[in-house]
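The block underneath contains the structure these notes are about, expressed in structure tokens.
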Amino acid sequence: MRPLRRLFLAVSLAVALAAAGCVSSQDIQGLQNQLSDIQKQMLQLQKQAGEAPSKQEVTNLQSSVGQQMQGLLKTEADMQVKLQDLSSQIEALQAKLEDTNFRLSTLSQQIATTNQELKGFRSQAAAVPAPDGSTTAPPPQPPAAGAGADPKTLYDSAYNDFLKGNYDLSMREFQEYLANFPNTDLSDNATYWIGEGYYRQKRFRQAIEQYDAVLSRFPRSDKTASALLKKGYAHLELGERSQGVVQLQHVVRQYPTSDEANLARGRLREMGVDVR
């Protein structure tokens, strides 16, 4: 009866593979059909002459079960490889999607700022009194940037120059803004955009200094997550992998639901770093 016991063990293993969910529904159905056939063969053997089946019959049955098991194990291994490949592709696409979403969000904020500026210019134009003659008086010019300018005008001028790619001019204007208005609601943004200007010019060490200024001077700013993220990127650009990884991990842990955290996760995955 020992051969029969080994047969039962083989059948049990086949059932366990099906229960583990490692194969498709078609594979499971095929396995169930094979198990049904095996059970029928076993019943036929048990009914023969009230005695144990012959050694040759048991050997043949065991061989059949072994071949079926080998086929199922190969199918399982192939499907696991395919699932791993598919998972890697999905993660890569997810990282690209998250990066695109972040860029779209930034663009949306820029558009909103531009719309506000246009409304301001239209309001100024509407406030100009109508002249007595046929000519139209020019609208009042905004004050020149500097100590005499209001904070919003100076900030908007610097930000517009940044959007145009005039990074040197933009950074000087933001620095002037901070010199004259160091503690406004936009001081943290001005500091961050100076860092972004350095980053765009590939002056990563100076960019890191500005991101650190955001983190130390404005710990509750809405730019802290972005400053952490870009600080990590800057370290990576400088070849400082360990520092960059630490900064990206800080983003994931401190701001887990933010767009910046999604970008940090994607970059860490690309580097082969475990994301937890």
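The values are calculated or read from the model by the stated rules, or taken from the named source; none is laboratory data. Bear in mind the structure is a predicted one, so any value in this text is a computation, not a measurement. As a convention, Cβ positions derive from the backbone with ideal geometry for all residues, glycine included, and neighbour counts pool all protein chains shown.
The table that follows gives values for the structure above.
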{"read-out": "Selection within segment 195-208 - over 19 Å from residue 161 (Cβ atoms) and surrounded by fewer than 16 Cβ atoms within 10 Å (Cβ to Cβ)", "value": "205"}
{"read-out": "Helices (runs of 4 or more DSSP H) completely within segment 183-271 that count 2 or more residues being among the β-branched types (Val, Ile, Thr) and on the phi < 0 side of the Ramachandran plot", "value": "187-200, 204-217, 241-254"}
{"read-out": "Residue check for residue 232: closer than 30 Å to residue 90 by Cβ, in contact (Cβ under 8 Å) with a residue 60 or more places away in the chain and in contact with a helix residue (DSSP H, G or I) (Cβ under 7 Å, 6 or more places away or on another chain)", "value": "no"}
{"read-out": "Verdict on residue 226 being out of contact with any Pro (no Cβ under 9 Å at 6 or more places or on another chain), buried (at least 19 other Cβ atoms within 10 Å of the Cβ), closer than 22 Å to residue 182 by Cβ and not β-branched (Val, Ile, Thr)", "value": "yes"}
{"read-out": "Some residue of segment 234-255 being of a type outside the set (Lys, Arg), crowded, with 21+ Cβ neighbours inside 10 Å and closer than 21 Å to residue 168 by Cβ", "value": "yes"}
{"read-out": "Test: residue in segment 181-190 that is surrounded by fewer than 23 Cβ atoms within 10 Å (Cβ to Cβ) and more than 20 Å from residue 156 (Cα to Cα)", "value": "no"}
{"read-out": "Test: residue in segment 166-185 that is under 22 Å from residue 216 (Cβ atoms), more than 27 Å from the chain's Cα centre (by Cα), of a type in the set (Ser, Thr, Tyr) and assigned by TED's automatic domain parsing to the domain that holds residue 215", "value": "yes"}
